[in-house]
Amino acid sequence: MTEQRKTILIVDDETGIRSLIHSAAQEVYSNALIIEASDGTDALIKARRQVFDLVITDLGMPKMKGTDLIEALVEMNSKLKPGSVLVISAFDYSPKLKKLEPWLSFISKPCGYQTIKEQIKLILNPPPPADTQPTSKSGLMSAQFEVSMINPFLKAVTRVMMNTASTQVSRSQVFIRKDDQISGDISGLVHVSGTLISGSFAISFETQSFLEIVSSMLGESFQMINPGIIDAAGELCNQIFASARKELNEQGYDILPAIPTIITGINHKIKHTLSKPIIGVNYRTVKGKFTVEICIGLNKIKL
């Protein structure tokens, strides 16, 4: 059976960025129909002629802002699926953009070529639910999850780091974490439990990145991890989970409140409760690096 040809619209006023994204998309899907637009007005004209599986857009553009473009696309295209608009932009969470979040995936600028490729794969070819999905020993697409369950956590990471720690972040790598892979030096872990999905979420820091981020949070310089600042890992995890939980519950997942567990120890490993692939996302900040781990799947429903 021949795979349906993917259709992708790339919208950015910078020619070099459009070319970079075009190359990444072409590398992922060599036979994809890829159309470029230099601004939102041009993109809307093209969207009236062609239904796109994926729209990749910047936010700050002449003639029509990215938020206005996304809003217009949602209104005019009933076939636009949740998560099928990929925003590649510097941090910008306007009220209008927040309203459009169910349709959005995010990559913060600056970002790497590989990150763009992996996100395109993630949006255009999400695996089926865990009970029906073929297995594979390697590769991102072997993960047993839905984009709609993962993206709220990734968006929450960006929001919380900016609002709580005054830290702008960008994703540098998305990968499948192995069971024996080291997580970090200090982590916050929270178990996700709901009527439809369950699993766990964790955020892990190397010592230096944690000290830098906590120093920014608390307005005081810390040179070593001590009992007085350990709780900050749990607080960051708690805020991210609460933000993601709010969005997921708006989608109808009915997730229960939970209290994070703090895990410490140099080069420790986090044990996730579900026997499902663990999605790892490496983040870069000017204050250091940290990793997010998400292991979530659909609950089995008894008929």
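Values quoted throughout were computed directly from the atomic coordinates according to the rules given, and no laboratory measurement underlies them. This is a predicted model, so every value here is computed, not measured. Every residue, glycine as well, gets a Cβ built from its backbone with ideal geometry; the counts of neighbours run over all protein chains shown.
Listing for the model above:
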| read-out | value |
| --- | --- |
| Spin-label model distance (nm) - Ala242 vs Ser30, 7 Å beyond Cα toward Cβ | 5.0 nm |
| Cut-off under 5 Å, modelled amide H: who pairs with Ile176 long-range | Gly280 |
| Region 159-303 - convex hull of the alpha-carbon atoms, volume per residue in Å³ | 108 Å³ |
| All aspartates and glutamates inside 16 Å of Lys109 as judged from Cα atoms, apart from same-chain residues fewer than 8 positions distant | Asp12, Asp13, Glu14, Asp58, Asp92, Glu118 |
| Value of Rg to Rh for the chain (Rh from inverse mean 1/r over Cα pairs, i.e. Kirkwood) | 0.97 |
| Under 11 Å, Cβ to Cβ, from Leu189 - net charge with Lys/Arg +1 and Asp/Glu -1 | 0 |
| Members of Lys81/Lys271; Lys121/Lys276; Lys63/Lys289; Lys46/Lys155; Lys117/Lys276 lying beyond 26 Å, as alpha-carbon distances in this model show | Lys81/Lys271; Lys63/Lys289; Lys46/Lys155 |
| Ile182-Asn249 FRET efficiency (beta carbon distance; Förster radius 35 Å; 0.05 resolution) | 0.60 |
| Stretchable slack from Ile262 to Arg5, in nm (0.36 nm times residue separation minus alpha-carbon distance) | 87.9 nm |
| Unit Cα scatterers, Debye sum, region 7-125: log10 I(q)/I(0) for q = 0.11, 0.14, 0.16, 0.23 Å⁻¹ | -0.30, -0.49, -0.66, -1.56 |
| Label-reachable residues, region 15-49, where backbone N falls under 18 Å from a point 7 Å from Glu75's Cα toward its Cβ | 40-49 |
| Linear extension gain, Ser221 paired with Met64, 0.36 nm per residue minus alpha-carbon span | 52.2 nm |
